[in-house]
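Here's the structure, in structure tokens; my notes come after.
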Ligand code: NAI
């Protein structure tokens, strides 16, 4: 579904009218294209400790234009605020106000990224207060940024440093056009694990990936993005979607598996197909999902059960088969598609939100189990995404829903796919049990 308002408001009369009437002024987001620079413009690294120095040296080794002090009036591609040594809330003042002085110099689609430590691991109340303060600070700042700029944070758990592979992986993701619709979010680096890819354009080279619900919508976009990043694809969907599935399989030069994921033997069927046709299995993306909306007062057993069966029970059963399989032991990756409905709730979606909340609970509890095989499991929670599903929402409701986030527009299926591709890569090996929202920072609810 095209958002014609963005085109109208981005130039000429439309731009003037929107400005005068105080209407939303979304901009066309800078999305990743192969060969594109990581970030457009110099990167200002604020922060005084050794962690900031080491991070700045790494950015220099990536041939970025790095500044340790702002140059007046220079347009910046990004500000990285390294806050890993906070001991009291007062420690925030110096680096935060120094960064504040440069906010007006941010270029379009610029990035502000904090790097801080986990409050849960703090030694005492003052340290925890300072660390948790970064959360509120960053989420508020993200709501103040304009012109496609985003603010996101990286949180270091015990054992992770400013230059751990997944800190750098998350930093590259947040700096790049791959995170265009991720705003006001944090990723926690849980371990000093993972590895940056040898070829940044093909981070999934040599991997075999399964995507469920890939015949259309977000699933088809995930398949295309993983293929672009070098993976070999197995696309899965119900037999009734067989023709569309075959088209996607051809497009990504992969194989199609017609399978209802709620079948008892779905996990084993997926493993058998992967081993017989491709000789290995590295990545499973649980994307297939359904909605059967009704107010709870009118909910029938069929609507309730079908949503739970497809959206969560099937994933649990497939994961059990994967974790038990000797063929899923080489740095395996699972990424599940949740939804912001499972976080903030949505009227008419008690069944759907229960299933998507369930996905997030499953991911957290499965992280230690898959860690035993050197693997990771995470979820991505999309907000308003322009798909066939959201195109069916009545015009006025849709228009309000798609503007109610910091970027004042809906996301694209490809935006969800980019987050999934990152979490499926070796660069995210030190990130597990996390839920990353791809929602442009919804302004209402969570
Ligand atoms: P969609 O309805 O366009 O595509 C879902 C695909 O899953 C279809 O091809 C369908 O045939 C397949 N599928 C359904 N049941 C299946 C089963 N039992 N076995 C195998 N395949 C099955 O949906 P869309 O919009 O692409 O959503 C994809 C995922 O993203 C879903 O999990 C959805 O809940 C989630 N999501 C979507 C949002 C949006 O704005 N569109 C927002 C938040 C989450």
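Here the extension length gained between residue 195 and residue 246 equals 15.0 nm, from 0.36 nm per residue of separation less the Cα-Cα distance.
At 10 °C and 1.306 mPa s, grab the translational diffusion coefficient of region 73-217 from Stokes-Einstein with a Kirkwood Rh over Cα pairs, rounded to a whole number in µm² per second.
96
Rounded, prolate or oblate, given the Cα gyration tensor of region 172-236, with a/c below 1.5 counting as rounded? Mind dumping the intermediate values first?
Details: a/c = 1.85, a/b = 1.32, b/c = 1.40.
Taking the square roots of the gyration eigenvalues as a ≥ b ≥ c, region 172-236 is oblate.
Between the alpha-carbon centres of region 56-74 and region 346-390 there is a gap of 37 Å.
What's the ranking of 183-196, 365-378, 390-403 by average number of surrounding C-beta atoms within 10 Å, highest first?
For the peptides 183-196, 365-378, 390-403, the packing ranking is 183-196, 365-378, 390-403.
Could you please state, rounded to a whole Å, how far the C-alpha centre of region 409-446 is from the C-alpha centre of region 87-101? Going from one Cα centre to the other spans 28 Å. Solvent-free Debye calculation, one equal scatterer per alpha-carbon of region 208-438: log10 I(q)/I(0) at 0.08, 0.10, 0.13 Å⁻¹ equals -0.27, -0.42, -0.73. Computed from Cα atoms, the angle from the helix 266-278 axis to the main principal axis of the chain rounds to 80 degrees.
Based on the mean of other beta carbon atoms within 10 Å per residue, what is the order of 51-62, 36-47, 106-117, most packed first?
In descending order of packing, they fall as 106-117, 36-47, 51-62.
Highest GNM mean-square fluctuation among 126, 170, 417, for the chain modelled with Cα contacts below 10 Å: 126. Region 284-340 and region 213-278 have their alpha-carbon centroids 16 Å apart. Each 20 Å bin from zero holds the following percent of Cα-Cα pairs in the chain: 25, 57, 17, 0. The label point for residue 371 and the one for residue 298, both projected 7 Å from the Cα toward the Cβ, are 4.6 nm apart. Taking the C-alpha atoms only, the angle from helix 50-61 to the longest principal axis of the chain is near 70 degrees. For the options 12, 410, 348, a Gaussian network treatment of the chain with springs between C-alpha atoms closer than 10 Å singles out 12 as fluctuating the most. Computed from Cα positions, the angle between helix 217-228 and the longest principal axis of the chain comes to roughly 70 degrees. Note on the chain: helix-only mean residue ellipticity at 222 nm, from DSSP H runs of 4+ residues weighted -39500 (n - 2.57) and normalised by residue number, equals -11500 deg cm²/dmol.
We did not get these values from a lab; they are worked out from the coordinates using the rules stated. On a predicted model such as this, the values are computed, not experimentally measured, just so you know. A quick note on method: Cβ atoms are made from the backbone with ideal geometry, for glycine too, and the neighbour counts reach across all protein chains shown.
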